[in-house]
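Here is the structure we will look at.
The values are calculated or read from the model by the stated rules, or taken from the named source; none is laboratory data. From a predicted model like this one, the values you see are computed outputs, not experimental measurements. Glycine gets a Cβ as well: all are built from the backbone with ideal geometry, and neighbour counts include every protein chain shown. Remember, those area values only see protein heavy atoms, side chains included, never the ligands or the DNA or RNA. Shrake-Rupley method; radii C 1.70, N 1.55, O 1.52, S 1.80 Å.
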Amino acid sequence: MLRRRPGERPGATPLSVACCLAGKKALITGSATRRNPARRKFWMLLAAAVSSAWCFAVADALQRDFQYIQPLRHVAGSLALYTFCGTLLGAGAWLITRLGERVVARVTARLRARAGVAARAGFYAVVAMAAGAPTAFATFSGEMISRTLVGRVGPLVLLIGMGVAAAIVAYGVHALLQRIERGRLRLVLALAVAALAASALLMFVDLTTYVSLYPMLHTALEVCAGVLQLTAFFLLLSALSRSERLPERLLGAFGATALTFSLAVLLVRPLRTWLDDTLRHVWLEEVYTGRALRRVHTAEAIVANPFAWQGLSMSRVDRLRSRYDIKDASLAPAWRQPLREPRDFADRIREIRGQRRDLNVIVYYVDTLRHDVALDPTIMPNVSRFAERALYFKHAYASGSDTLRSLPGLTGGNYQWQVEHANDLLAVARRSELTSVLLIAQSAHEFLTKLRPSFKFEKTISVPDYAPTKTDVWGYGADGPTAPAIVDKALDFVKEQRGQRSLLWLFNFDQHNWRELDERYVQDAARKYRVPEEGAYNWRYRVVARAIDAEFGRFVQGLEQLDMLDRSIVLFVSDHGEGLGRDGFWVHSVFLWENLVRVPLLMRIPGVTPRLIEAPVSLVDVTPTLVRYMEHEPPTNGYQGEDLLGYLVSDRPKRRLPIVMAAASKNTLVRVGMIDGSGRHKLVLSLEAGVPELYDLRATDPDAQTLADVHPAATLKMLKTLMRSPVFPRSPQDFEPNAP
């Protein structure tokens, strides 16, 4: 039996004293840990947000091609940028949660404790719906869907879905935090890992599906992935803090470092300049880092000039002019001058043309046909044979990488696609009393009638290419082939109108619809024309091109049999190409890659000797050439192109104006570019980035590596010329000309 010492309290054994000391230490440690729960939560949210942001930096690095950039430089800049973004996100999340806690506290104080659950869910539902409202309404703002019941109800349904999802997440996170407090961590850890896996799947879809085509969709996927990651990391940090495996001092040190760095980015301009210079390459291939940098630039521009904000695009133009010290970006006077050749040069062109004024004009137009596919004899043998009997312009460029910017340049002879010109090809045909006839797929006709009403002929024959029951056809979605029917109807017209001059336009749309085209038709065409599965381009795209080529061959043969080939100018042309998977981009527009803007241009003119022309030309040169066969001395006001017959003159003068082009995402101008006079270099300017890119067109892959830093003088010279051309934007309206 242990004896108690004098003055010793009952039960104060050495074991009990040790237990008391341990309990007191635990109490002190616990109180220190929970001394300021708001600060502790702030550090955890900050750390979780930065960790989530770093996930995007890692995903960017895994997706990016480092062949022409320095990996360490990119990773350093990307992590620095995402540390800044993650810190802002964490601080914002903390403010929202603090506000939510106050709302819940007030509700529970006035009502009962159970009402706090509904208050918390409702609060985060309202926050999610407010943040997602622009996306919800933009998603259903399309021309066709906005008129339907789905378009009217869709935004509300999507907003409710966002609110419900946010409420469920808020309730789930709160329940999981309670489990953490009770030390039940297994389910929490499993769900956190599952959330990280789900976010990785969303990021994979975001980076590989419909790349650069649907910005709102990409943003929604990015936000969902970010929310899942933030939630997962916050739960993991909470669990580690509860088990005392993550000391609060370490958490605070991490958060304080990130916060200090972010404040430095905000306050120290040279640090922001370093970020810009380090990451300037991301504008060539945005992935995630480019998106984040664009958002930072947007916020910076708004803060710098909140009352005169004209949008990110115009702020980019101002920044570009300031960076390169370009004083004058107005339209150069030469672009307003009519087409006039020197007298001797004009006489030699006139001699080549001859005196014939009885020729018909036939345009065999193939939407979305790449130049390399069109002139590949294994894919389009009839076009290749036709090239040997025609003027073959090997380096022909469209004025845009989509129809709405390329077609107006072709018919108007002008780069100002949104303007209707008095000397447009169709207007001259009407003045010259040529019967103008358009044969076109129904879906393409509906699209152009709405968005390019000036593309109007005296007679239009529309060939159905989708079932009457389909209602979602608007530029895409037609699955019925029309090339055979268009050729049939064209030959019928030629047979009936042999004694009358005409402008006949065959608008082939099957190549545009190569993905949607009827599967049975594609399979039958592949067997009929023996198209192999192996090949340099997508198999379906090749099959459709081969089928169109067969119809073109049949059409040319029909003209010969009708004795009309030598009485007609026959033009084979496309408006733009197709991405076919380059950098995950399958369709067209957005970029100015060679496979998007370089197009086939073949012109067979009776009496003109066939020839291969290597010099770069533009589709805006077509109309100034053709109208001189329609009228004796046609007016040349408004033409920014040249007479293509001038390229048959051996010592022709330098091209009057440069070849320029534009690219849009949906209806928003995003890139402009130009080809230098020698055809050696192409300059591309991303208007979002404000960074010029210079490409060597003689390289194996011309669009792979920018040489802007290697040739700064040439880049600056071309940039100054481009900025004074008609494709360069000078107002917000130039970016979105059809915007309200």
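Selection of first residues in region 661-672 that are under 10 Å from S686 (Cα atoms) and of second residues that are open to solvent by 10 Å² or more (accessible area, probe 1.4 Å) and polar (S, T, N, Q), restricted to Cβ pairs under 7 Å at least 6 apart or on distinct chains, gives the following pairs, ordered by first then second residue: A663/S589.
Taking the criterion of being touching a Lys or Arg at 6+ places or on another chain (Cβ under 7 Å), farther than 19 Å from V361 by Cα, open to solvent by 40 Å² or more (accessible area, probe 1.4 Å) and in a loop (DSSP other than H, G, I, E, B), the only residue of region 605-656 that qualifies is E614. Exactly one residue among L592, L602, L517, L580 is open to solvent by less than 50 Å² (accessible area, probe 1.4 Å), under 26 Å from E458 (Cα atoms) and of a type in the set (A, V, I, L, M), and that residue is L602. Of all residues in region 299-322, those satisfying the criterion of being open to solvent by less than 80 Å² (accessible area, probe 1.4 Å) and among the aliphatic types (A, V, I, L, M) are A299, A301, I302, A308, L312, M314, V317, L320. Of the set (1) open to solvent by less than 40 Å² (accessible area, probe 1.4 Å); (2) at pLDDT 50 or above; (3) more than 21 Å from L263 (Cα to Cα); (4) among the hydroxyl-bearing types (S, T, Y), all apply to S78 but (3).
Somewhere in region 564-575, is a residue open to solvent by 50 Å² or more (accessible area, probe 1.4 Å) and not in a helix (DSSP H, G or I)?
no
Evaluated against (1) at positive phi; (2) open to solvent by less than 60 Å² (accessible area, probe 1.4 Å), D325 falls short on exactly one condition, (2).
Counting the residues of region 350-366 that are outside any strand (DSSP E or B) and either of a type in the set (A, V, I, L, M) or touching a Gly at 6+ places or on another chain (Cβ under 7 Å) (or both) gives 4. Hey, does region 269-279 have a residue that's assigned to a helix (DSSP H, G or I), open to solvent by 70 Å² or more (accessible area, probe 1.4 Å) and of a type in the set (A, V, I, L, M)? No - not one qualifying residue is present in region 269-279. Quick one: would you say A663 is among the aliphatic types (A, V, I, L, M), closer than 27 Å to S589 by Cβ, modelled with pLDDT of 95 or more and open to solvent by 10 Å² or more (accessible area, probe 1.4 Å)? For A663, the condition - among the aliphatic types (A, V, I, L, M), closer than 27 Å to S589 by Cβ, modelled with pLDDT of 95 or more and open to solvent by 10 Å² or more (accessible area, probe 1.4 Å) - is not met. Taken over region 228-241, the criterion of being modelled with pLDDT of 90 or more and surrounded by fewer than 19 Cβ atoms within 10 Å (Cβ to Cβ) is satisfied by no residue. Filter region 58-75 for residues that are modelled with pLDDT of 90 or more and buried (at least 19 other Cβ atoms within 10 Å of the Cβ); which is nearest to V169 (Cα to Cα)? Selected residue: A59.
Does region 372-386 contain at least one residue that is at pLDDT 95 or above, open to solvent by 50 Å² or more (accessible area, probe 1.4 Å), over 30 Å from E578 (Cβ atoms) and part of a helix (DSSP H, G or I)? Within region 372-386 (the criterion being at pLDDT 95 or above, open to solvent by 50 Å² or more (accessible area, probe 1.4 Å), over 30 Å from E578 (Cβ atoms) and part of a helix (DSSP H, G or I)), the answer is no, since none of the residues qualifies. Scanning region 379-417 for residues that are touching a residue at least 40 places away in the same chain (Cβ under 8 Å), among the polar types (S, T, N, Q) and touching a Leu at 6+ places or on another chain (Cβ under 9 Å) turns up S399, S401, T403, S406, T411.
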